[in-house]
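For reference, the structure discussed in these notes is given below.
The values are calculated or read from the model by the stated rules, or taken from the named source; none is laboratory data. All figures in this text were calculated on a predicted structure; none of them were measured in a lab. Ideal geometry is used to build each Cβ from the backbone, glycine not excepted, and the neighbour counts take in all protein chains shown. Ligands, DNA and RNA are stripped out before the accessible areas are found, and what is left, the full protein with its side chains, is counted by its heavy atoms. Shrake-Rupley method; radii C 1.70, N 1.55, O 1.52, S 1.80 Å.
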Amino acid sequence: MSTSRASELLPVLEQEIVTGTLSPGTRLDETLLAERFGVSRTPVREALNRLSATGLIEIRPRRGAIVAEISVQDLMNMFEVMAELEATCAKLAARRITPDEKKALLEAHEECDSLAGGDQHDMYYERNTHMHNLIYQASHNNFLEKQTKELRQRLSPHRRLQVRIPGRMVSSSNEHGALVTAILDGNSKLAEKLTRDHVAIQGERFTDFLATLPAHYLRNSA
């Protein structure tokens, strides 16, 4: 039960941190958060531990949970590595994916695509994450899969915000369609390129991404 309640708190706290409602250095008191959300301290503590795993907060001895500082440069560095990790997953998946995995990947894409034209952003993000996880698994490289998932978790709050940019879900799903086709066709080079382009933040997507960030990110980059 505490896990499900923690999952409800998590996106709320993520959004408040990423958008600057909770600014860097803010102390997150477990008791006050429990009172705010009408829950016990157990799901609050679990949510804070998950936020710590993403790097959004730091849990310090005697000070508790503190909203961490992060810069645009830090984020761009992580997205750059993320693009390379996911591109490698897609390349290997195109070579190693099994028939059952092909079926699951196609179904996952179709489910994402059915949500792309609506406003269920969080649902789309969850199904999108599932689809990407299937690609990681289809790489049949456990070490690569683990590293990719860990970095994705760090970037999860920012990727969740990205799908709220107007038109992004539709363009994301279109990119998925081309990527899935490349993997199913066994075209590893194309799958690698399409994934890198899909994950990397560049051109107009960089401008859109900056627009989702509060001012303190830009100050930290100065």
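Within the range 165-217, take every residue that is aliphatic (A, V, I, L, M) and out of contact with any helix residue (DSSP H, G or I) (no Cβ under 6 Å at 6 or more places or on another chain) and give me the one that is modelled with the lowest pLDDT. Looking at the filtered set, the residue picked out is 215.
Is there a residue being free of Cβ contacts under 8 Å to residues at least 60 places away in the same chain, out of contact with any strand residue (DSSP E or B) (no Cβ under 6 Å at 6 or more places or on another chain) and not hydrophobic (A, V, I, L, M, F, W, C) anywhere in the range 78-92? No: zero hits. Is it fair to say residue 158 is at pLDDT 90 or above, under 17 Å from the mean Cα position of the chain (by Cα), crowded, with 18+ Cβ neighbours inside 10 Å and under 23 Å from residue 88 (Cβ atoms)? No; evaluated as a whole, the condition is false for this residue. Can you say whether residue 44 is outside any loop (DSSP other than H, G, I, E, B), free of Cβ contacts under 8 Å to residues at least 40 places away in the same chain and surrounded by 15 or more Cβ atoms within 10 Å (Cβ to Cβ), as far as the supplied structure shows? Yes; evaluated as a whole, the condition is true for this residue.
Can you pull out every residue in the range 106-121 that is under 16 Å from residue 133 (Cα atoms) and surrounded by fewer than 17 Cβ atoms within 10 Å (Cβ to Cβ)? Lay out the reasoning, then the answer.
So the first thing to find is which residues in the range 106-121 are under 16 Å from residue 133 (Cα atoms), and the list is 106-112.
Once the filter is applied, which keeps residues that are under 16 Å from residue 133 (Cα atoms) and surrounded by fewer than 17 Cβ atoms within 10 Å (Cβ to Cβ), the range 106-121 yields 106, 107, 110, 111.
Suppose we filter the range 55-89 for residues that are of a type in the set (Val, Ile, Thr) and open to solvent by 10 Å² or more (accessible area, probe 1.4 Å); how many remain? Walk me through it before giving the result.
So the first thing to find is which residues in the range 55-89 are of a type in the set (Val, Ile, Thr), and the list is 57, 59, 66-67, 70, 72, 81, 88.
Those still in the list that are open to solvent by 10 Å² or more (accessible area, probe 1.4 Å) too: 59, 70, 72, 81, 88.
Adding up the residues that qualify gives 5.
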